[in-house]
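Here the structure comes first, spelled out in C-alpha cells, and everything after it is commentary.
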C-alpha cells in the first residue's frame with residue numbers, strides 16, 4: 001500500500017482535503033478545474049517550518065484514516081501475513097512500532113545522494129530539497145526507530161539484496 005497514492009486519491013479535484021488546504025494556504029493553490037497546484041503548495045509549505053507542520057496537521061489524519069481502513073479491509077479479506085505500507089513520512093505521521101505498524105523498514109541513502117535523486121526526479125533546486133529535508137525527521141532519529149535499515153546509496157541492486165535478507169527474516173517468523 002502506497003501512502004503517497006492514498007494522498008493523491010484524497011486530494012482529487014473538488015475534494016474536502018483540497019478545499020481545506022486552499023482555505024489554509026490560499027485559493028491560488030487550486031486551478032479553475034479544482035486541481036491542486038502541488039508545486040505551489042510545496043513552495044509555500046516548505047518555505048516555513050510552521051507551514052509544513054500545519055499542512056501535515058490537515059492532511060495526515062485523513063490519510064491515516066484511509067490507510068487504516070484499507071489495512072483492515074485487506075487483513076479481513078486476505079490470506080497474506082504481511083501488508084507493506086510504503087510511507088515516506090511514516091514516522092512523522094505518528095506510525096511506528098506499536099503505533100499502527102508491527103515493524104518499520106527504513107530505506108535510506110546518504111544525504112548527498114538523496115538530494116541528487118530528488119533534484120533529478122522532481123527538477124527542484126538543491127536549496128528546495130534541503131528545505132523539504134529540514135521539515136522531515138532527522139535520518140539519525142528515523143534509524144533509531146527502524147527495525148531494519150536498507151541503505152540505498154549504492155543503488156537498486158544492493159538495496160534488493162538487503163531487502164531479500166529482511167524478507168527471509170520475516171518469512172522465518
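The values are calculated or read from the model by the stated rules, or taken from the named source; none is laboratory data. What you see is a predicted model, and the numbers here were worked out from it, not measured in a lab. Glycine gets a Cβ as well: all are built from the backbone with ideal geometry, and neighbour counts include every protein chain shown.
Some points to look at:
- Residue in region 32-50 that is more than 21 Å from residue 122 (Cα to Cα) and in contact with a strand residue (DSSP E or B) (Cβ under 9 Å, 6 or more places away or on another chain) present: no
- Residues being under 21 Å from residue 47 (Cβ atoms) and exposed (fewer than 13 other Cβ atoms within 10 Å of the Cβ) - total across region 5-34: 5
- Residue in region 54-62 that is in contact (Cβ under 8 Å) with a residue 24 or more places away in the chain, over 27 Å from residue 130 (Cβ atoms) and in contact with a helix residue (DSSP H, G or I) (Cβ under 6 Å, 6 or more places away or on another chain) present: yes
- Answer residue from region 83-102, given it is assigned to a loop (DSSP other than H, G, I, E, B) and touching a helix residue (DSSP H, G or I) at 6+ places or on another chain (Cβ under 6 Å) and is surrounded by the fewest Cβ atoms within 10 Å (Cβ to Cβ) among those: 83
- Matching residues, region 143-173, being assigned to a strand (DSSP E or B) and either in contact (Cβ under 8 Å) with a residue 60 or more places away in the chain or surrounded by 15 or more Cβ atoms within 10 Å (Cβ to Cβ) (or both): 148, 149, 150
- Every residue from region 15-47 that is closer than 22 Å to residue 128 by Cα, free of Cβ contacts under 8 Å to residues at least 24 places away in the same chain and in a loop (DSSP other than H, G, I, E, B): 26, 37
- Scanning region 126-138 turns up at least one residue that is closer than 30 Å to residue 39 by Cβ, outside the structural domain of residue 3 (by TED's automatic domain parsing), over 16 Å from the mean Cα position of the chain (by Cα) and without any contact (Cβ under 8 Å) to a residue 12 or more places away in the chain.
- Residue in region 6-14 that is outside any loop (DSSP other than H, G, I, E, B), in contact (Cβ under 8 Å) with a residue 60 or more places away in the chain, out of contact with any strand residue (DSSP E or B) (no Cβ under 8 Å at 6 or more places or on another chain) and within 30 Å of residue 75 (Cβ to Cβ) present: yes
- Applying the set (1) in contact (Cβ under 8 Å) with a residue 40 or more places away in the chain; (2) surrounded by fewer than 15 Cβ atoms within 10 Å (Cβ to Cβ); (3) farther than 22 Å from residue 166 by Cα to residue 110 leaves exactly one unmet item: (3).
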